[in-house]
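The next block holds one structure in the form of structure tokens; read it before the comments.
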Amino acid sequence: MPQVTVEHAIHGPLHLNNGQPYDYLIVGAGFAGSVIAERLAAGLGQNVLVVDRRPHIAGNAYDCVDEAGVMIHRYGPHIFHTNAQRIVDYLSRFTQWRDYSHRVLARVDEHLVPIPINLTTLNTLFGLDMDEDQAQAFLASRAEPVADVRTSEDVVINQIGRELYEKFFRGYTRKQWGLDPSELDKSVTSRIPTRTNEDDRYFTDTFQMMPLHGYTRMFERILDHPRIDLLLGTDFRAVRDRVQYKQLIYCGPIDEFFDFCFGKLPYRSLRFQHETLAQGRLQAVAVVNFPDPAVPYTRITEYKHLTGQEHARTSISYEFPCAEGEPYYPIPRLENAELYKRYSTLADNTPGVTFLGRLGTYKYYNMDQVVGQALALYQRIEREHSSSAPTGELEIR
């Protein structure tokens, strides 16, 4: 394992890396920071310090055993899926996998039905016995064409009409984002398909699987390199002027880095209520969604479905979206994109710093996309490194 130091209060100089400057200081030990750290250390022989304000690695993908001995995802369910062979090949260096196809049910009109909406969903809700062609005609008859599709509400009504929009999307979206779908960019609901066959998988990617021994174990192996040091439980601001380094890769919130000089970028946060139950199973699937606005939480996750763990008890979490707390989801609205552009321009003119990941670039990414972004950055650094001066020092903007 790399050197792991937990610092809650730092006084005096930090004597790390034998007093020599690190080649890179990386802020954030989630996917973005860990992958770029591993590549720089293993691929280019760079000395790297990874700093994270949390007392653990793996970011929001962190999993652990709870008091009952059940493996849980501390920050909600993380399901790995991708169409990119190169991402699978890279991560497979650090983990074995177990096959897992994610399925989600939604509680609608006292029924538990598949989501995304499929043939089974439609037949169950409307008491019908349609085939695929009939389901396509059924949805087409209910769709309400929208001339200029701009919002999340427009997307859904244009495709499947107002009744299904109200049943599945409006209440859930208002809880998730604290905004009506009519106030959100079309990208929010454009990602959710509607199917007329019986495919009940949440994702249709080529690769769908889970790390065999969990995400945290995978991250331990990613960061297990003699040229990587870890400083956990430590805020970047506490060490930024007390650690010597040549380059900075920042995976934290870009607005925070610049002291919120243009104002805060809006995020949606989450609160989790974890419980352990004295029974082997609660749900038929890992996640059940609750679109009903009268239900205060958006979903219940049962983690044993994800991990494959056998245990006499089961652990679940209720998920409550909220306005304050850890930044999870950038809120996709035009004014927020414009605000981010101001920070992005400032970042482009700040030498020696690269912004990476969901928080660093104010964009929601799936896990595989973050890995791909980090690998792409490494390829760029590698090209610059090979053409740089003998000192190997780079200026990254």
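The values are calculated or read from the model by the stated rules, or taken from the named source; none is laboratory data. Everything numeric here is computed off the predicted structure, so don't read it as measured data. Because the Cβ atoms are built from the backbone with ideal geometry, glycine has one as well, and the counts that use them run over all protein chains shown.
If I go through the stretch 352-384 residue by residue, how many of them are among the polar types (S, T, N, Q) and under 12 Å from GLY252 (Cα atoms)? If you could, list the steps in order and put the result at the bottom.
Filtering the stretch 352-384 for residues among the polar types (S, T, N, Q) gives 354, 361, 366, 369, 373, 379.
Retained after the next criterion (residues that are under 12 Å from GLY252 (Cα atoms)): 354, 361.
Residues in the stretch 352-384 being among the polar types (S, T, N, Q) and under 12 Å from GLY252 (Cα atoms): 2 in total.
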Q) Would a scan of the stretch 56-70 turn up a residue that is farther than 29 Å from GLU302 by Cβ and touching a residue at least 60 places away in the same chain (Cβ under 8 Å)? A) no
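To keep it simple, each residue is scored yes or no on (1) in contact with a helix residue (DSSP H, G or I) (Cβ under 8 Å, 6 or more places away or on another chain); (2) of a type in the set (D, E, K, R); (3) closer than 24 Å to HIS111 by Cα.
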{"position": "PHE258", "(1), (2), (3)": "yes, no, no"}
{"position": "LYS264", "(1), (2), (3)": "yes, yes, no"}
{"position": "GLY280", "(1), (2), (3)": "no, no, yes"}
{"position": "ALA284", "(1), (2), (3)": "no, no, yes"}
{"position": "PHE290", "(1), (2), (3)": "yes, no, yes"}
{"position": "THR298", "(1), (2), (3)": "yes, no, yes"}
{"position": "THR301", "(1), (2), (3)": "no, no, yes"}
{"position": "GLN309", "(1), (2), (3)": "no, no, no"}
Q. If you go through the stretch 351-364, how many residues are at pLDDT 95 or above and more than 16 Å from ASP259 (Cα to Cα)?
A. 7
Q: Could you please let me know if ALA347 is closer than 29 Å to PHE272 by Cβ and out of contact with any His (no Cβ under 7 Å at 6 or more places or on another chain)?
A: no
Q: Among the residues of the stretch 13-56, write down those that are assigned to a loop (DSSP other than H, G, I, E, B), more than 17 Å from LEU356 (Cα to Cα) and of a type in the set (A, V, I, L, M, F, W, C).
A: LEU14, LEU16
Q: Determine whether TYR22 is among the aromatic types (Phe, Trp, Tyr) and either surrounded by fewer than 16 Cβ atoms within 10 Å (Cβ to Cβ) or not assigned by TED's automatic domain parsing to the domain that holds TYR250 (or both).
A: no
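If you take the residues of the stretch 325-361 that are small (Gly, Ala, Ser) and in a helix (DSSP H, G or I), which of them is nearest to ALA32 (Cα to Cα)? Reasoning before the result, please.
From the stretch 325-361, those small (Gly, Ala, Ser) are 325, 337, 344, 347, 352, 357, 360; that's our starting set.
With in a helix (DSSP H, G or I) added as a condition, the list becomes 337, 344, 347, 357, 360.
Working: ALA337: 21, SER344: 18, ALA347: 18, GLY357: 5, GLY360: 10 Å.
Per the criteria, the residue is GLY357.
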Q. Only one of LEU44, LEU40 is touching a strand residue (DSSP E or B) at 6+ places or on another chain (Cβ under 7 Å) and either surrounded by 19 or more Cβ atoms within 10 Å (Cβ to Cβ) or touching a residue at least 24 places away in the same chain (Cβ under 8 Å) (or both); which?
A. LEU40
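Take the stretch 44-88 and flag every residue that is among the charged types (D, E, K, R) and under 14 Å from the mean Cα position of the chain (by Cα). Walk me through how you get there before you give the answer.
Keep residues of the stretch 44-88 that are among the charged types (D, E, K, R), which gives 52-54, 63, 66-67, 74, 86.
Correct list: ASP63, ARG74.
Condition check: touching a strand residue (DSSP E or B) at 6+ places or on another chain (Cβ under 6 Å) and buried (at least 17 other Cβ atoms within 10 Å of the Cβ). Does THR120 satisfy that?
Values: touching a strand residue (DSSP E or B) at 6+ places or on another chain (Cβ under 6 Å): yes; buried (at least 17 other Cβ atoms within 10 Å of the Cβ): no.
So THR120 does not fit the description; no.
Working carefully through the options ARG93, ARG98, ARG74, ARG107, find the one that is among the charged types (D, E, K, R) and out of contact with any strand residue (DSSP E or B) (no Cβ under 7 Å at 6 or more places or on another chain).
Details: ARG98 fails: out of contact with any strand residue (DSSP E or B) (no Cβ under 7 Å at 6 or more places or on another chain); ARG74 fails: out of contact with any strand residue (DSSP E or B) (no Cβ under 7 Å at 6 or more places or on another chain); ARG107 fails: out of contact with any strand residue (DSSP E or B) (no Cβ under 7 Å at 6 or more places or on another chain).
Step by step, each of ARG93, ARG98, ARG74, ARG107 is checked, and only ARG93 is among the charged types (D, E, K, R) and out of contact with any strand residue (DSSP E or B) (no Cβ under 7 Å at 6 or more places or on another chain).
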Q.
Going by what's in this entry, would TYR172 be described as in contact (Cβ under 8 Å) with a residue 40 or more places away in the chain and part of a helix (DSSP H, G or I)?
A. yes
